[in-house]
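J.: This is the structure I want to talk about, given as C-alpha cells.
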Amino acid sequence: MRAVIRFALATAVVLAGAACSGDGSKAQAQPGQAVVSPSPSPEPPPEHPFTGLPASTLRPVLAVKIENTPAGKPQMGLRSADIVYVQQVEGGLTRLMAIFSSKLPAQVGPVRSARISDLYLLPMFGKPALAYSGVQTKMIPYVQRAPLYDVSDSAAPDAYRRMPGRVAPYNLFASPRKLLARAPQASKAKDIGFVFSDEPPPGGTERRSVTVRYPSARFTFTWSERQKRWLISQDGAKNMAAEGGQQGAPTIVIQWVKTTRSEFHDVNGAYTPLLHTVGKGTGIVLRDGKAYRVRWSRASKEEGTVYTLADGTPMPFARGQVWIVLASRKPVVP
C-alpha cells in the first residue's frame, strides 16, 4: 500500500512539472489533459437613462401630474418615480410632474390637472403617456395636438379610483399599470441628456441644506449622510411619503428658468405661469453633500437638457431618483 501511495505522489509531481515550463510561461496542453481557460468578465447591464441604475430593458414612459399642497399630502407613489419635476402654477404654488419608467408603484396620486408648461417638457421623452385630471377648456386643443397618449381620468376612467379618507379633489389616485395598458405604444425611456457617475466631480461647495423659494411655497433640501440623499421639506414641514419615510433623492437639480404669464388662467382668474425650459440658463446641482454651479441648455422641445460644469464637461448626477426644481431667480408675483 505504501508503494502505491509513493507512486501516486511521484506521478503528481511529474504532472505538475509538465504543466509548467521552465521559464514560467503558461501551461501547455498534454495528451489527455484538459486546459481550462478563464471566463471572460460579464458585461455590466446598461444604465437606465433616467437614473443611471442597471437596466436590462427599457420600458414605456408615464408622466403623472400630482398635487403638491398640504391638502394633497402625503403623496403616494413618488418614491418609485425616476424623475420628479417641481413646477410653479397659479397663485405662486407648485405642482409636481412625476416620470415613471424603470419601476411602477401600485398607486400614484393625488392626480391633478395638467398645465401648458407640461407640453414643453414632455416632447423630450418622445410620445409618453400623460395622466392628469382635467385641463382648462381653452387648453384642450393644445393637449390633443401634443405628442402624447392621453390617459387622463376621462380617457381611462377604469385606471382611477377615489381614495377613502381623503377629500375631493385631493382623493383621485391611479394605477400606473392600468394607465400604461391604455397606451401600449407609449415611447420607451431614452437618453434625455443625463450623465451619471458613482463619484462626484472635483470641486463643489459643501452644503448641509439649500432652500428654494416660490411666491407661495418654499422647499428645503437637507443632506443626509446616512441615507446618502437630500431629504425634502416644504414650507417648514418634512415632505413625507404615504408609503412611509421622508421624500428625497440623491440628486437635486435647481434649474433657473424664465417664468412668464401664459395666455391661460384658472377659474379664479389667476394667470398660469409658462416655464421656459427650452434655451439656456444656469442652475445648481446638489449631490453627495455638495452644491455645483452648472449651465443648462436645451435646443428644442424634442431634445433633452444638458447640464455642464464651468469647464464645459458634463455634470454627472448620482445614481437614483432625480428631482428637477424649475424655479425663477426673480419669481413672478401672482
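Each reported figure results from applying straightforward, stated rules to the coordinates on display, with no laboratory input. Predicted model only: the values in this text are computed from it and were never measured. Positions of Cβ are backbone-derived with ideal geometry, glycine not excepted, and every protein chain shown enters the neighbour counts.
J.: I'd like the full set of residues that are more than 18 Å from the chain's Cα centre (by Cα) and part of a loop (DSSP other than H, G, I, E, B), limited to segment 230-243.
T.: Within segment 230-243, D235, G236, A242, E243 qualify.
J.: Right, something else. Taking R293, is it assigned to a loop (DSSP other than H, G, I, E, B), out of contact with any helix residue (DSSP H, G or I) (no Cβ under 8 Å at 6 or more places or on another chain) and either on the phi < 0 side of the Ramachandran plot or surrounded by 15 or more Cβ atoms within 10 Å (Cβ to Cβ) (or both)? Outline the logic, then answer.
T.: Details: assigned to a loop (DSSP other than H, G, I, E, B): no; out of contact with any helix residue (DSSP H, G or I) (no Cβ under 8 Å at 6 or more places or on another chain): yes; either on the phi < 0 side of the Ramachandran plot or surrounded by 15 or more Cβ atoms within 10 Å (Cβ to Cβ) (or both): yes.
Against the criterion (assigned to a loop (DSSP other than H, G, I, E, B), out of contact with any helix residue (DSSP H, G or I) (no Cβ under 8 Å at 6 or more places or on another chain) and either on the phi < 0 side of the Ramachandran plot or surrounded by 15 or more Cβ atoms within 10 Å (Cβ to Cβ) (or both)), R293 does not qualify.
J.: How many of the residues in segment 295-312 are without any contact (Cβ under 8 Å) to a residue 24 or more places away in the chain and closer than 13 Å to V253 by Cβ?
T.: 2
J.: Kindly provide the set of residues from segment 149-172 that are of a type outside the set (A, V, I, L, M) and closer than 12 Å to G109 by Cβ, ordered by number.
T.: Step one: filter segment 149-172 for residues of a type outside the set (A, V, I, L, M), giving 149-150, 152-154, 157-158, 160-162, 164-166, 169-171.
If the condition is that a residue be of a type outside the set (A, V, I, L, M) and closer than 12 Å to G109 by Cβ, then D153, Y160, R161, R162, R166, P169, Y170, N171 are the ones that fit.
J.: Pairs needed: first member in segment 76-87, surrounded by fewer than 24 Cβ atoms within 10 Å (Cβ to Cβ); second member anywhere, in a loop (DSSP other than H, G, I, E, B) and among the acidic types (D, E); C-beta distance under 9 Å; at least 6 residues apart or different chains.
T.: Filtered contacts from segment 76-87: M76/E243; R79/E243; S80/E243.
J.: Continuing with the same structure: When you go through T282, T259 one by one, which is the residue that is hydroxyl-bearing (S, T, Y), crowded, with 16+ Cβ neighbours inside 10 Å and within 24 Å of P123 (Cα to Cα)? Show your work before the answer.
T.: On the way: T282 fails: crowded, with 16+ Cβ neighbours inside 10 Å.
None of the others qualify; the one that does is T259.
J.: A further question follows. Every residue in segment 182-204 that is loosely packed, with under 11 Cβ neighbours inside 10 Å and not charged (D, E, K, R), please.
T.: P184, Q185, P202 - these are the residues of segment 182-204 that are loosely packed, with under 11 Cβ neighbours inside 10 Å and not charged (D, E, K, R).
J.: I need a count of the residues in segment 129-164 that are free of Cβ contacts under 8 Å to residues at least 40 places away in the same chain, touching a Pro at 6+ places or on another chain (Cβ under 9 Å) and among the polar types (S, T, N, Q).
T.: Number satisfying all stated conditions: 0.
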